[in-house]
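Student: Below are the structure tokens for one structure; questions will follow.
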Amino acid sequence: MAGREAMAIRDAVAAVVDPEIVVITIDELGILRDVEVDDDGRTIITITPTYSGCPAMDMIRGRVAAAARDAGASAVEVRTVLAPAWTTDWISESGRAKLAAAAIAPPATSASGGAVPLGLPTVPVTCPRCGSRDTEELSRFGSTACKALWRCRACAEPFDYVKAF
């Protein structure tokens, strides 16, 4: 398959929106690991779930395969790999900006720039609505398993926070 066709397939797959966080693509979220078109024209797409029990993976697999076929792939294989494990470090800068614009706080980062390990953030979570760092966790569990529910003390608005992994 020509390079242009392979790139069109990769672009189509990269544009698949995460079904749980619809403001961000699977590429921006870091779930999409690789798109390869082999010499026989078979498209192999590699994805890694945000965690091994992610309930959205079946839907993502289906949407990824459909996007590849719509872009011209004839034979599609979607592989799920668990190692290395997904980390919030894989969320792109544009993905982090889209999360914040949708009032979802992106995962906190440590002073060294890496994601804060599981557990409570060691740095304040910034309110995606007003920018205040005077925030508190209300519940370890938010609208999805990979998010927690937080509230801003300054503007009193609740917001989701993507847990750092």
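The values are calculated or read from the model by the stated rules, or taken from the named source; none is laboratory data. Everything numeric here is computed off the predicted structure, so don't read it as measured data. Backbone-built Cβ (ideal geometry, glycine too); neighbour counts: all protein chains shown.
Student: Just the residues that are under 23 Å from ALA102 (Cα atoms), assigned to a loop (DSSP other than H, G, I, E, B) and either in contact (Cβ under 8 Å) with a residue 40 or more places away in the chain or not assigned by TED's automatic domain parsing to the domain that holds ARG69 (or both), please, taken from segment 1-31.
Tutor: Matches in segment 1-31: ALA15, VAL16, ASP18, PRO19, GLU20, ILE21, VAL23, ILE24, GLY30, ILE31.
Student: When LEU118 is evaluated against the numbered criteria (1) among the hydrophobic types (A, V, I, L, M, F, W, C); (2) within 14 Å of the chain's Cα centre (by Cα); (3) at pLDDT below 90, which criterion, by number, is the only one it fails?
Tutor: (2)
Student: ALA85 - would you say it is farther than 18 Å from CYS146 by Cβ and outside any strand (DSSP E or B)? Spell out how you get there, then give the answer.
Tutor: Working: farther than 18 Å from CYS146 by Cβ: no; outside any strand (DSSP E or B): yes.
The answer is no for ALA85.
Student: A follow-up question, please. Looking only at segment 54-75, filter to residues that are within 30 Å of THR126 (Cα to Cα) and among the aliphatic types (A, V, I, L, M); which one of those is modelled with the highest pLDDT? Full working, then the answer.
Tutor: Filtering segment 54-75 for residues within 30 Å of THR126 (Cα to Cα) gives 54-57, 60.
Now restrict to residues that are among the aliphatic types (A, V, I, L, M): 56-57, 60.
Numbers: ALA56: 92, MET57: 94, ILE60: 97.
Filtering segment 54-75 for residues that are within 30 Å of THR126 (Cα to Cα) and among the aliphatic types (A, V, I, L, M), the one modelled with the highest pLDDT comes out as ILE60.
Student: While we're on this one: Every residue in segment 42-55 that is crowded, with 18+ Cβ neighbours inside 10 Å and within 19 Å of PRO19 (Cβ to Cβ), please.
Tutor: Of the residues in segment 42-55, the ones crowded, with 18+ Cβ neighbours inside 10 Å are 43, 45, 47-50, 54.
Once the filter is applied, which keeps residues that are crowded, with 18+ Cβ neighbours inside 10 Å and within 19 Å of PRO19 (Cβ to Cβ), segment 42-55 yields ILE45, ILE47, THR48, PRO49, THR50, CYS54.
Student: Name the single residue, out of those in segment 9-28 being closer than 15 Å to ILE44 by Cα and surrounded by 17 or more Cβ atoms within 10 Å (Cβ to Cβ), that is nearest to the chain's Cα centre (by Cα). Before you say what the answer is, go through the steps one by one.
Tutor: So the first thing to find is which residues in segment 9-28 are closer than 15 Å to ILE44 by Cα, and the list is 9-14.
Right, trim to surrounded by 17 or more Cβ atoms within 10 Å (Cβ to Cβ) and you get 9-10, 12-13.
Working: ILE9: 19, ARG10: 17, ALA12: 16, VAL13: 14 Å.
Filtering first and then ranking leaves VAL13.
Student: Hey, among SER112, SER139, which residue is more than 30 Å from ASP40 (Cα to Cα) and at pLDDT 85 or above? Reasoning before the result, please.
Tutor: Details: SER112 fails: at pLDDT 85 or above.
After ruling out the rest, the residue left standing is SER139.
Student: Here's another thing I want to ask about it. Which of the residues spanning segment 47-77 are of a type in the set (Val, Ile, Thr) and within 11 Å of ILE26 (Cβ to Cβ)? Spell out how you get there, then give the answer.
Tutor: Within segment 47-77, the subset of a type in the set (Val, Ile, Thr) is 47-48, 50, 60, 64, 76.
Hits for segment 47-77 are ILE47, THR48, THR50, ILE60, VAL64.
Student: Only one of ASP34, ASP39, ASP58 is surrounded by fewer than 14 Cβ atoms within 10 Å (Cβ to Cβ) and either part of a strand (DSSP E or B) or in the same structural domain as ALA102 (by TED's automatic domain parsing) (or both); which? Give the steps one after another, and end with the answer.
Tutor: Numbers: ASP39 fails: either part of a strand (DSSP E or B) or in the same structural domain as ALA102 (by TED's automatic domain parsing) (or both); ASP58 fails: either part of a strand (DSSP E or B) or in the same structural domain as ALA102 (by TED's automatic domain parsing) (or both).
The match here is ASP34.
Student: Applying the selection to segment 76-103, what residues are among the β-branched types (Val, Ile, Thr), at pLDDT below 95 and surrounded by fewer than 18 Cβ atoms within 10 Å (Cβ to Cβ)?
Tutor: The answer is THR87, and nothing else.
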